[in-house]
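All remarks here apply to the structure that follows.
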Amino acid sequence: LGKVESYIHEKLEKGKLHFVLLDPDDIGPEMAGKIAEMSEEVGVDAIMIGGSTGAEGDVLDSVVRAIKESSSLPVILFPGSHGGINKYADAIFFMSLLNSRNPFFITGAQALGAFQVKRYRIEPIPMAYLIIEPGETVGWVGDAKPIPRHKPKIAAAYALAGQYLGMRLVYLEAGSGAPEPVPPEMIAVVKKVIDVPLIVGGGIRSGEQAKTAVKAGADIIVTGTAIEKANSLEEAKEKLEELNRGIKG
Ligand code: 1GP
């Protein structure tokens with residue numbers, strides 16, 4: 001395993017993890033740097049960078065660099081397509097949107113990005129990415145057939161298929177800003193079936209919601225909107241602390 005993946009596994013032996021997602025389309029480099037620095041102070045485990053609309057090119061470049069300068073947390077790309085690759089990142093979730101209707105999001109963008117990942121020596125971490133209702137922007141852009149919230153077995157079947165295809169992480173995604181996170185019943189059913197770490201994100205805004213997801217079986221919780229939407233840096237820090245407590249107890 002690569003450096004970042006090993007780091008994730010070592011940390012998972014001691015407890016559950018919290019990854020903070022920053023979308024360069026919503027947040028400038030200065031703010032991103034400050035949030036990354038605060039995240040590290042509070043005990044967040046990694047910074048993810050990505051978004052479905054416009055997290056590319058110079059905008060992405062300056063945000064990744066600002067984060068690398070202001071914290072020593074691993075920076076993991078969470079790309080909406082091959083445009084979300086950046087040479088300053090440590091690793092990339094090399095993800096396939098398994099329940100997309102469009103092969104571009106299953107294998108097409110991956111082929112277009114593969115040589116770039118190799119050239120820049122970004123550590124690829126293969127991941128099954130599953131969109132759960134409502135799916136929000138990423139569900140629409142990714143042309144997903146979102147998994148119904150009350151059908152946990154469908155999610156589990158896709159998750160297990162992902163594992164059997166060689167993916168080393170499974171991500172259940174309700175969509176950024178989703179009104180409700182992935183249901184705990186679904187998290188529990190998926191967790192029971194797979195052996196690889198389970199990531200859950202989308203709509204997790206409170207420590208209580210984070211705790212519920214962890215109790216159900218999530219290994220890694222991703223939060224983005226709750227922190228990006230804070231009205232001040234102090235508020236963002238309080239939110240980070242609240243979420244972190246919910247995840248780590
Ligand atoms: C989105 O799962 C992540 O891809 C995080 O979602 O912005 O709702 O926290 P939020």
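Throughout, read-outs are computed from the coordinates displayed, never taken from laboratory work. In this text, all values refer to a predicted model and were calculated from it rather than measured experimentally. Cβ atoms come from the backbone with ideal geometry, glycine included; neighbour counts cover every protein chain shown.
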Quiz item: Fewest first, what order do GLU235, GLU133 take by the number of other Cβ atoms within 10 Å?
Solution: GLU235, GLU133
Practice problem: With a bin width of 5 angstrom, please list the P(r) values of region 83-222 as percents of all Cα-Cα pairs, from the 0 bin to the one holding the largest distance. | Solution: 2, 11, 20, 23, 20, 14, 7, 3, 0
Practice problem: Grab the Cα-Cα distance for LYS87 and TYR164, subtract it from 0.36 nm times how many residues apart they are, and report the gain in nm with one decimal. | Solution: 24.8 nm
Quiz prompt | Amide H within-cut-off set for PHE94, under 5 Å, with H built and near neighbours excluded | solution = ILE125, MET127
Quiz item: Among ILE49, ILE221, ILE154, which one shows the biggest mean-square fluctuation in a GNM of the chain, springs joining Cα atoms closer than 10 Å?
Solution: ILE154
Exercise. Return the distance in nm (one decimal) between the two label points of a simple spin-label model at LYS118 and LEU233, each offset 7 Å from Cα along Cα→Cβ.
Key: 4.3 nm
Quiz prompt | By average C-beta atoms within 10 angstrom, highest first, the peptides 143-151, 212-220 | solution = 212-220, 143-151
Quiz item: By count of other Cβ within 10 Å, fewest leading, how are ARG205, ARG121 ordered?
Solution: ARG121, ARG205
Practice problem: With θ set to phi - 60°, apply the Karplus curve 6.51 cos²θ - 1.76 cosθ + 1.60 along region 206-214 and write out the HN-Hα couplings as whole Hz, x wherever there is a Gly or Pro. | Solution: 10, x, 5, 5, 5, 4, 4, 5, 5
Practice problem: Obtain the radius of gyration and the Kirkwood radius of the chain from its C-alpha atoms and give Rg over Rh. | Solution: 0.93
Exercise. Determine ³J(HN,Hα), in whole Hz, for all residues of region 25-41 in sequence, where each value follows from phi through the Karplus function 6.51 cos²θ - 1.76 cosθ + 1.60 and θ = phi - 60°; x replaces Gly and Pro.
Key: 7, 9, 9, x, x, 5, 5, 4, x, 5, 5, 5, 4, 5, 4, 5, 4
Practice problem: Any chance you could check the Cα centroid distance between region 101-171 and region 222-247 for me, in angstrom? | Solution: 26 Å
Quiz item: How would you rank THR107, THR137, going from fewest to most other Cβ atoms within 10 Å of each one's own Cβ?
Solution: THR107, THR137
Practice problem: With θ set to phi - 60°, apply the Karplus curve 6.51 cos²θ - 1.76 cosθ + 1.60 along region 64-76 and write out the HN-Hα couplings as whole Hz, x wherever there is a Gly or Pro. | Solution: 4, 5, 4, 5, 4, 6, 9, 8, 9, 5, x, 10, 10
